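Heads up: the structure comes next, in structure tokens.
The values are calculated or read from the model by the stated rules, or taken from the named source; none is laboratory data. As the structure is a computational prediction, the values presented were derived from the model and not from experiment. Neighbour counts run over all protein chains shown; Cβ positions are idealised from the backbone, glycine included. Side chains are part of the model used for accessible areas, which takes the heavy atoms of the whole protein and leaves out ligands, DNA and RNA. Shrake-Rupley method; radii C 1.70, N 1.55, O 1.52, S 1.80 Å.
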Amino acid sequence: MRTVGERIARPDSLDKVQGTAQYVDDLSFGAMLHAAVVRSPLAHGRIKKISTAAARRIRGVHAILTAQDIPGQNLIPMIQPDQPLLAAGEVRHIGEAVALVAAETKSAAEEAARAITVDYEALPAILTLEEGFAKREIVQHWKLRRGRPCDIFSRHDVVVVENTYQTPYQEHAYIETNGMIAVPETDGGITVYGSLQCPFYVQKAVASVTGMKMNHCRVIQTVTGGGFGGKEDAPGLPAAMVALLAQATGRPVKYILSREEDMQVMSKRHPGKIVYRSAASHDGILLAVDVDYFLDAGAYATLSPVVLWRGINHAAGPYRCEHVRVDAYAIRTHKVPCGAFRGFGEPQIVFAHERQMDLLAERIGLDALQFREKNALETGDHTVTEHELKESVGFKDTIIEVRRASNYDRLKLEIEKSNGARISENPPNPKRRGLGWGCCYYGVGLGARGGYLNPAGASVVISSDGSVNVAVGTTEIGQGMITVLSQIAADALGCPLEFIRIMPPDTSRVPDSGPTVASRTTLMSGNAIADACRQIKSRMAAVCADYDFSKIIAEMKSQAVAASARGETHPKSDFHRIVTSSYTPSNRASGHWSEEAWLWKATIQRCVQNMVQLSAHGWAVPPQTTYDGETGLGDVYVTYSYSTNLVEVEVDIETGETTVLKVWTAHDVGKAINPQTGEGQIEGGVVQGIGYGLLEEHVLATDGSKAATRKTGKGGPFPPGRILNDQFSTYIIPTPMDIPEIHSLIVEHAFPYGPFGAKGLGETPIIAVAPALVNAIANATGIQLREIPATPERVWQALKQEASRRTQQSPRRSRKAASAI
Amino acid sequence: MAKKLKRKTQKVHIAFTLNGEPCEVAFAPHKTLLEVLREDLNLTGTKHGCELGECGTCAVLVDRKPVLSCLVLGLTVEGREVTTVEGMQLADGSLHPLQTAFADLGAAQCGYCTPGFLLTAKELLEKNSKPTRDDIKEALSGNLCRCTGYIKIYEAVELAAARMRGEAAEVPEEVVLGLK
């Protein structure tokens, strides 16, 4: 039977609900040491001297390494070769690693790290994006030039809206912090186990610092407690650290970051600043956008160039817009390097364009939804990069679905009425309801700048009992990859789902399959599996086509029944499962598959007897994409997923507090391989988007910041640039109390190249939530925020300003009214 | 408590009930219950999320009440009854209805926060066999999850509660759709 499109329960959840899933910190190896890291307290400084003598005397210390002890290159290879593993001579951000310790226990390692003294000479630090831009500390500059925006903006018959928007750092806040274990192998290689998204990035980092060949650096992903992009580029650092320490000591080394350390030093979503000017005609056609887009990259380039590139490619949103000028800059500052985060450079610029859409609509006198619908991309249209959309454009249907499910037109009137009634209550009810829209599209996969990272491989091996091992190079990080790829493999082979096992990702099993990012896993690994399965199926067909299996099946059944009756089969054996339909793992009867399972087993038996090769490597290469570096134009992605959100909020105008009541969120995903995992992605993404829009930001120390550190208990000024909120009590993510009603809606405009028509879904859910929230706050209260998160403080301040602006204006207005009379 | 402290090794020896079985363990007295469970008893189902009492990931039941195991010393459970995710199964070895419901509905995504949610929800259902959505939100409000957006967790607790009341012995239609 076909499993694609069905709500198959996650096969990996049985281990997770029993506590038997093995995350990296659950693993131990014989004679394992523990690591600790000495980190820079300064945003920028010169290292004058590192004294390790006292630390070396601590009992149980086995190795202390600094930059000069690195046998390979002191480099974490990413896009630009700028990031050392250990600071050599100069530190460029607070928390940059300076020295590594391995010791018998974690506490001995930490004690030794504290005993290492580093003398620094403080250097001037660049702590703001503006300062970095003024000093031309530009990591990357991308341009987009289309049409003649200047001509549009100089016209008198257009509506122009211009604003500057600010977006904050966002912390991934995966519940499992980063962690790695390196194990030296007897043949001289090193195996690294860890919490990670991209095994091949980690492999490159380990090979770089150890100086080993890549085939000696094996990376195995352990069950990973959330990623969201935070375990894309950043895990290369802890992996390289434990690998060096394992190489130096010849013993396994474990390093698990504490929550505060993880929040201080690991990557985050780039803070953004967007200067956005839009022009539309009076009848509601979006004509031109003119944008300067800045991201604060932090001290090293990491993935900033491509994060920025994704932002610029989606600069005008999912709308037709023929005249475009965008300059996008990633700016180097002396702060923690930012990296990948779900949405990857889009949430920042989408916040800006979706606010602009509302403000333009208001100026034109159109409903926010009408204005969007009028300009929405459809088949045959061109994107902002002049990519002609030939197929699979479900954007309008996402709008239609949300409008239908929310009963928008009626809801809007009902809210207006209810707000009016609240104002006239005595005393007036301070709560105002409001609705806000947010739309986006998302280029699936890495696109034209992905290069050799674009393809993905898969290995499919069928054992003689019919069970199937599927190995891929992408990873399960909670998003549901194991489930979805199992379904694709089962349907591509035509075998029951329970025969499929997705192996833990291991760099020694498949070739470099690129990273688990960019909503590409279903598409790329799915196609690679389908490719391998096609090869095996055609070999199977050669001996099985038109073959009558009934005799084999009857024989196998009678043998199995006899064996079972004699008590020879283990209750949990595959045979037993098929014979006894009552076997129910987690109440799931697998009995109804038995006929299909028998046929599959018989087929495999015949193939084995006929010496058919029941294994294959699959390879998927995406369709051609193009990009012109001068103009920024091209068919930059293979296809796009589309999303529309409508949120209903309630704002307390006395406290500034916003409560999210309802969210309708529709996504064109091509084909939902599994609607249940799809909903999981949507609900989780929306809630992370609520965090981004309303709650989450990092506060950095300025010159005057004083606070007591938890560890030392000593008061005193924090160095400028230090993150002050590095715990869940100060960096607030949505809790179970913050969750609205979420209506997840799936739209399927099949993508012919995708497996079973699938595109990607991982990221669209988070991207356009924040602007929808701020638009809804504007709708409820009249305040126009240009900065997120819309914390109660910010909303309250804006309400106060708005009130004082109104009182200043009102005399003038009444004079006008008088003169009109 | 801590009567058997041996100065030389700096270890304490305590006895308590762990997942329904008598348990004796020796450990350094400064260790938290979380560390004792994971490091000295090898029960790694209980996870650490922050070790500051802020995320609920390490929740276990002590005398049937949820406790953040990162905030209490191992010493404090002497003579008491501790339940971890490893002890959630029913007497016949089958999964607890909460475990089944979490698996069936996809309420465990990355799964790292799951043991803490399961144990906190277990206590809720023992106190209140028919919790409202608001009761569930409040009971789970000390647990953080970053993957699910909590919706499927609420639904799983509701499904488990219904099954435990004997109201819906089967998985709802939509859930098993693919398995028919």
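So the values come out like this:
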item	result
Net lengthening on full extension, B:GLU167/B:SER141 (0.36 nm per residue, minus Cα-Cα)	6.7 nm
Part-to-part distance (alpha-carbon centres) for the range A:229-299 and the range A:41-116, which is given in Å	22 Å
Angle between chain B longest axis and helix B:114-127 axis [Cα atoms, degrees, rounded to 10]	80 degrees
Packing rank of A:238-245, A:276-283, where each peptide gets the mean count of other beta carbons within 10 Å, highest leading	A:238-245, A:276-283
Heavy atoms of A:THR128: accessible area, 1.4 Å probe, square angstrom to 10	60 Å²
Kirkwood Rh and Cα Rg combined as Rg/Rh, the range B:97-170	0.92
Taking the C-alpha atoms of the range A:72-175, convex hull volume expressed per residue in Å³	218 Å³
Largest-first ellipsoid semi-axes for the range A:188-265, taking √(5λ) over the Cα gyration tensor eigenvalues, angstrom	20, 14, 11
Charge context of A:PRO235, other residues only, Cβ under 13 angstrom, K/R +1, D/E -1	-2
For the range A:409-450 versus the range A:751-780, the gap between their alpha-carbon centres in whole angstrom	16 Å
Alpha carbon convex hull of the range A:592-688, projected area averaged over orientations, nm²	13.6 nm²
Backbone HN-Hα couplings from phi across the range A:619-635 [Karplus 6.51/-1.76/1.60, Hz, Gly and Pro as x]	8, 10, 10, x, x, 4, 10, 9, 7, 10, x, 6, 9, x, 8, x, 7
Stretch in chain A that is longest and holds no GluC sites (Glu not before Pro) that DSSP places in a loop and that have at most 14 other beta carbons within 10 Å	A:186-377
Calculated SAXS-style log₁₀ I(q)/I(0) at q = 0.09, 0.14, 0.16 Å⁻¹ - chain B, Debye, Cα scatterers	-0.34, -0.75, -0.94
Flagged links, alpha-carbon separation over 20 Å, of A:LYS374/A:LYS396; B:LYS122/B:LYS152; A:LYS431/B:LYS152; A:LYS143/A:LYS759; A:LYS106/B:LYS47; A:LYS537/A:LYS601	A:LYS431/B:LYS152; A:LYS143/A:LYS759
Gain in span if fully extended, A:ASP381 to A:SER154, counting 0.36 nm per residue against the direct Cα distance	79.2 nm
Delta accessible area of at least 40 Å² on complex formation, residues of the range B:20-53, 1.4 Å probe, chain isolated as reference	B:ARG38, B:THR44, B:LYS47, B:HIS48, B:GLY49, B:LEU52
Fraction of accessible area attributable to carbon and sulfur, the range A:519-573 (%, probe 1.4 Å)	54 percent
Debye equation applied to the C-alpha atoms of the protein assembly as shown, log10 I(q)/I(0) at 0.04, 0.08 Å⁻¹	-0.20, -0.81
Exposure of B:LYS31 as accessible area (Å², to 10), given a probe of 1.4 Å and all protein chains	30 Å²
Span from the the range A:590-656 Cα centroid across to the the range A:122-201 one, whole angstrom	26 Å
Accessible surface, the protein assembly as shown, averaged per residue in Å² (probe 1.4 Å)	37 Å²
30 Å Cα-Cα threshold exceeded, pairs from A:LYS273/A:LYS800; A:LYS268/A:LYS390; A:LYS335/B:LYS31	A:LYS268/A:LYS390; A:LYS335/B:LYS31
Solvent-accessible surface ranking, highest first, for A:LEU295, A:LEU661 at 1.4 angstrom	A:LEU661, A:LEU295
Fraction of accessible area attributable to carbon and sulfur, the range A:726-797 (%, probe 1.4 Å)	52 percent
For chain A, share of DSSP beta bridges that run antiparallel, in % to the nearest 5	75 percent
Accessible area buried between chains A and B, both sides summed, probe 1.4 Å, in Å² to nearest 100	4600 Å²
